[in-house]
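The values are calculated or read from the model by the stated rules, or taken from the named source; none is laboratory data. As the structure is a computational prediction, the values presented were derived from the model and not from experiment. Reconstructed Cβ throughout: ideal geometry from the backbone, glycine too, with neighbour counts over all protein chains shown. What goes into the accessible areas is simple: the full protein's heavy atoms, side chains included, and nothing from ligands, DNA or RNA. Shrake-Rupley method; radii C 1.70, N 1.55, O 1.52, S 1.80 Å.
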Amino acid sequence: FERAGKPSLLLGAAYTASDVGDRLLFDPNPALWKRDFAAMDAVGMNVVRTGFSSDWRRAMLEPGAPSEEVLRAATALMLTASDHDLSVIFTLFRGMPEVWRGTRPFSDPASLRGQKEFCAALSHRLRPFNNIVWEIADRPLDPSSGGTFEQREASMLAFRAWAAEIAGVLKQNGNGQQT
């Protein structure tokens, strides 16, 4: 991790707002974020981890129609983090991703189309920010789920292909400084 071109330790925390928890992008409170981020900055933190844990349909009810309110909230979050020199690890999908009009989260073409449109809208809106690290999925697969080795291997291969598709969308719509 580099800051101002020099190696830096990551010091930070997962961030959920004290008033609405992990629903901070649906019920934004930039004044609270400003206070929280100032306190983090004051003790030397330089990174927060936050993003979407559920309610992706509230962020984009139908594929191709992202919520302007959620996009504005994400922009406000990034502006506030930037004001306090905080990098943001932004989680797109915590747990299984939304399927939108599809049936299988990692392999259904309709699901992938909706997920890509969601990620494209968000990464395009947040293109100006160099202080963002995209986390595509947090715990998308349960490694203890049953099945044969071959079934688990097929699931992992499908997940890898899916993650590569989403990463391509982020790279295409974000900027070269984002990772």
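Summary table below
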| quantity | calculated |
| --- | --- |
| Hey, PHE52 touching a Gly at 6+ places or on another chain (Cβ under 6 Å), open to solvent by less than 10 Å² (accessible area, probe 1.4 Å) and aromatic (Phe, Trp, Tyr) or not | no |
| When residues of the range 161-179 are limited to those that are of a type in the set (S, T, N, Q) and either farther than 16 Å from ARG113 by Cα or open to solvent by 100 Å² or more (accessible area, probe 1.4 Å) (or both), the one modelled with the highest pLDDT | GLN172 |
| Yes/no for HIS124 being out of contact with any Phe, Trp or Tyr (no Cβ under 8 Å at 6 or more places or on another chain), modelled with pLDDT of 95 or more and either surrounded by fewer than 18 Cβ atoms within 10 Å (Cβ to Cβ) or over 22 Å from TRP162 (Cα atoms) (or both) | yes |
| Single residue of GLU98, GLU153 found to be over 22 Å from LYS34 (Cβ atoms), out of contact with any strand residue (DSSP E or B) (no Cβ under 7 Å at 6 or more places or on another chain) and assigned to a helix (DSSP H, G or I) | GLU153 |
| Selection from the range 138-160 of residues that are open to solvent by less than 60 Å² (accessible area, probe 1.4 Å), more than 25 Å from THR80 (Cβ to Cβ) and touching a residue at least 12 places away in the same chain (Cβ under 8 Å) | PRO140, LEU141, SER155, ALA158, PHE159 |
| Conditions (1) of a type outside the set (Val, Ile, Thr); (2) in a helix (DSSP H, G or I); (3) under 23 Å from TRP100 (Cβ atoms); number of the one not met by LEU24 | (2) |
| Matching option when the condition is in a helix (DSSP H, G or I), in contact with an Asp or Glu (Cβ under 8 Å, 6 or more places away or on another chain) and either open to solvent by 40 Å² or more (accessible area, probe 1.4 Å) or in contact (Cβ under 8 Å) with a residue 24 or more places away in the chain (or both), among LEU112, LEU79, LEU92 | LEU112 |
| Which listed residue is surrounded by fewer than 19 Cβ atoms within 10 Å (Cβ to Cβ), among the polar types (S, T, N, Q) and out of contact with any Leu (no Cβ under 8 Å at 6 or more places or on another chain), from ASN46, ASN29 | ASN29 |
| Residue match in the range 42-56 (condition: farther than 20 Å from ILE132 by Cβ, of a type in the set (Gly, Ala, Ser) and not in a loop (DSSP other than H, G, I, E, B)) | yes |
